[in-house]
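Shown next, in structure tokens, is the structure this report addresses.
The values are calculated or read from the model by the stated rules, or taken from the named source; none is laboratory data. Predicted model only: the values in this text are computed from it and were never measured. With ideal geometry, Cβ positions are generated from the backbone for all residues, glycine too; neighbour counts draw on all protein chains shown. Keep in mind that these areas ignore ligands, DNA and RNA; they rest on the heavy atoms of the full protein, side chains included. Shrake-Rupley method; radii C 1.70, N 1.55, O 1.52, S 1.80 Å.
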Amino acid sequence: GSLLFAPPGAGGAGASPHYLFVTLGDGGGGGDPQRTGQNGQEWLGSILRVDVSRDDFTDDDERNYALIDDGANVAGALPEIWSTGWRNAYRCHFDTAPPHALFCGDVGQNAWEEMTSVSLLGGASASRNAGWSCTEGVVSYRSRCDAPTDYRAPLFVYENTGSTSIIGGPVVRRGADARLHGKLLLADYRKCVQWKDTKYVNVPCASNSWLTAIDETLSGGFAPLDTAVSTESPAVTRIFLQEASGGEVPTRSSNDELWSIDEDPNSGDVYVATARTSGVWRVVAPARCGIDAPPPPPPP
């Protein structure tokens, strides 16, 4: 899960710098057996939003916060719930550019990993239901669910071929490598995400491809992919990383786990935490490391 505050200047539901957002998984057990994902009377499977500058529960040592009565949380749900329908919203980031949407990687059950955004704008009627466990990615998961029309469509999905998960990253707006500006980053914990036949999948790496980047549309913002089975999108690219020492680009192995992607709040530089030498790596333009060009793509 994640604990985070909306960036300065965010409007709508994130107007106050004292509003804390908390992401919670569905409670486990496989397949949401407690049905918490669509149960607004349970915190599990939700994103909570509370005001930590005040205390509405002075007699309760475990609830040191205040409720936010601005009409933006989910109608009819517990008063802390701002968004529902999450299996395990993992590694979430607010966009530093307006309108400061929240981007989360949602770890799938068995079949699909997804990247979903939620707007800070709009009241309780805004679409903030990510769909779990009625949907996984863009496909139906539980057949006996009602079919509301307000499920939040994922921005990106890929098929999980086993024993791994999505790692959500930020939208890069500045920093040392201008090639990343305007791109939403994500990664897979152990594998490489790439196009195969009719969909994006995670497969054992045959290259040093660590990150996946999604470009903004020409009109600005990020548009959901309509289906899990479609044509390869030119907006989706792979990012190949090479260590500053140069030389041969090693293939990323299954032991090269990627734990987190984040950015420096001051410089905007992107950092990647990995199991390779248990390192935290800063992503910079190749010229900063004396490398003439980025690593070549793998052979077809």
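Go through (1) open to solvent by 70 Å² or more (accessible area, probe 1.4 Å); (2) at pLDDT below 95; (3) not charged (D, E, K, R) one by one and return the number of the condition residue 39 breaks.
In the conditions (1) open to solvent by 70 Å² or more (accessible area, probe 1.4 Å); (2) at pLDDT below 95; (3) not charged (D, E, K, R), residue 39 misses (1) alone.
May I ask you to verify whether residue 86 is within 30 Å of residue 265 (Cβ to Cβ), among the aromatic types (Phe, Trp, Tyr) and open to solvent by 70 Å² or more (accessible area, probe 1.4 Å)? Give the derivation first.
Values: within 30 Å of residue 265 (Cβ to Cβ): yes; among the aromatic types (Phe, Trp, Tyr): yes; open to solvent by 70 Å² or more (accessible area, probe 1.4 Å): no.
For residue 86, the condition - within 30 Å of residue 265 (Cβ to Cβ), among the aromatic types (Phe, Trp, Tyr) and open to solvent by 70 Å² or more (accessible area, probe 1.4 Å) - is not met.
If residue 62 passes every condition in (1) without any contact (Cβ under 8 Å) to a residue 60 or more places away in the chain; (2) open to solvent by less than 20 Å² (accessible area, probe 1.4 Å) but one, which one does it miss?
If we test residue 62 against (1) without any contact (Cβ under 8 Å) to a residue 60 or more places away in the chain; (2) open to solvent by less than 20 Å² (accessible area, probe 1.4 Å), just (2) comes out false.
Could you list, in sequence order, the residues of the stretch 203-234 that are at pLDDT 80 or above, over 16 Å from the mean Cα position of the chain (by Cα), open to solvent by less than 30 Å² (accessible area, probe 1.4 Å) and not β-branched (Val, Ile, Thr)?
205, 207, 208, 209, 233
Within the stretch 135-175, take every residue that is of a type in the set (Lys, Arg) and under 21 Å from residue 30 (Cβ atoms) and give me the one that is least open to solvent (accessible area, probe 1.4 Å).
Only one residue fits best here, namely 142.
Which of the residues belonging to the stretch 235-261 are modelled with pLDDT of 65 or more and either over 21 Å from residue 112 (Cα atoms) or touching a helix residue (DSSP H, G or I) at 6+ places or on another chain (Cβ under 8 Å) (or both)? Outline the logic, then answer.
So in the stretch 235-261, the residues modelled with pLDDT of 65 or more come out as 235-244, 250-261.
Those that are modelled with pLDDT of 65 or more and either over 21 Å from residue 112 (Cα atoms) or touching a helix residue (DSSP H, G or I) at 6+ places or on another chain (Cβ under 8 Å) (or both): 239, 240, 241, 242, 243, 244, 250, 251, 252, 253, 255, 256.
Considering the stretch 16-36 alone, what residues qualify as being within 21 Å of residue 102 (Cβ to Cβ), part of a loop (DSSP other than H, G, I, E, B) and open to solvent by less than 30 Å² (accessible area, probe 1.4 Å)?
Within the stretch 16-36, 16, 25, 26, 36 meet the criteria.
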